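So the structure is just underneath, and the comments pick up after that.
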Amino acid sequence: MRRADRAQDRDFCLSVIDRCTHGVAALTTGEDTPYCLPLSFVRVGNSLYFHCAREGRKVELLKRCPRICITFVAQDDPNFEAPNNYTTYFQSAIVTGTVVLVEDDQEKVDGLRALCQKLTPQYMTEGLFNAAIQHSLSVTSVWRVDMDDLSGKAKKKR
């Protein structure tokens, strides 16, 4: 990292991930073309979980190459610092890791429960969540990202 004074520690990175409702995942197509897409993530320990349909371009790419890089931005505050200086105050984290398709139904449910608890806690009564699981589990794939590396960066107001 060029600006070592802006580098942040692991706890900062985990905090950024936990505060974000989504991250932008970068995958490789194998054709020297990147493929990036926003996804909703939840962190459970040293792993991230996301869900998607059971087929599609993303699934094909993940099966071909399970390496992933995800960018999270928890703060993005463009500003003007006098005199004559435009800047942005920010907090971000980048994760690299390996993606694993979750096959175990209990781990799938646990991952989805954690994701729903993070994003929609007001709808987490057992009846609502269980009905959604009954309706969607068989057509939903859940993926786990085992995090290999974290880096964080921030520019704070002076």
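The values are calculated or read from the model by the stated rules, or taken from the named source; none is laboratory data. It should be emphasised that the depicted structure is a prediction, and the values quoted were computed from it without experimental measurement. Cβ sites come from the backbone with ideal geometry, for glycine too, and all protein chains shown count toward neighbours.
I want to confirm something. Restricting to segment 96-116 and keeping residues that are in contact (Cβ under 8 Å) with a residue 40 or more places away in the chain and in a helix (DSSP H, G or I), which single residue is farthest from T71 (Cα to Cα)? Step through it out loud before you land on a result.
Pass one, segment 96-116, residues in contact (Cβ under 8 Å) with a residue 40 or more places away in the chain: 96-102, 110-112, 114-115.
When the remaining residues are screened for being in a helix (DSSP H, G or I), the result is 110-112, 114-115.
Values: D110: 24, G111: 20, L112: 21, A114: 20, L115: 18 Å.
The residue in question is D110.
Name the residue that is modelled with the lowest pLDDT, counting only residues in segment 55-113 that are over 26 Å from Y35 (Cβ atoms) and of a type in the set (F, W, Y).
In this case the residue turns out to be Y89.
Out of all the residues in segment 94-113, which are of a type in the set (A, V, I, L, M, F, W, C) and surrounded by fewer than 17 Cβ atoms within 10 Å (Cβ to Cβ)? Quick ask: steps written out before the conclusion?
Residues of segment 94-113 of a type in the set (A, V, I, L, M, F, W, C): 94-95, 99-102, 109, 112.
Across segment 94-113, the qualifying residues are V100, L101, V109.
Can you pull out every residue in segment 82-93 that is crowded, with 16+ Cβ neighbours inside 10 Å and among the aliphatic types (A, V, I, L, M)? It would help to see each step written out before you state the result.
Residues of segment 82-93 that are crowded, with 16+ Cβ neighbours inside 10 Å, as a first pass: 90-93.
Result: A93, single match.
Could you figure out which of (1) out of contact with any helix residue (DSSP H, G or I) (no Cβ under 9 Å at 6 or more places or on another chain); (2) assigned to a loop (DSSP other than H, G, I, E, B); (3) small (G, A, S) isn't true of G30?
(1)
Quick one: in segment 80-93, which of the residues that are free of Cβ contacts under 8 Å to residues at least 60 places away in the same chain and in a strand (DSSP E or B) is farthest from S15 (Cα to Cα)?
Quick first cut of segment 80-93, residues free of Cβ contacts under 8 Å to residues at least 60 places away in the same chain only: 80, 82-86.
With the extra rule that they be in a strand (DSSP E or B), the set shrinks to 80, 85-86.
Values: F80: 26, N85: 29, Y86: 27 Å.
Taking the candidates together, the pick is N85.
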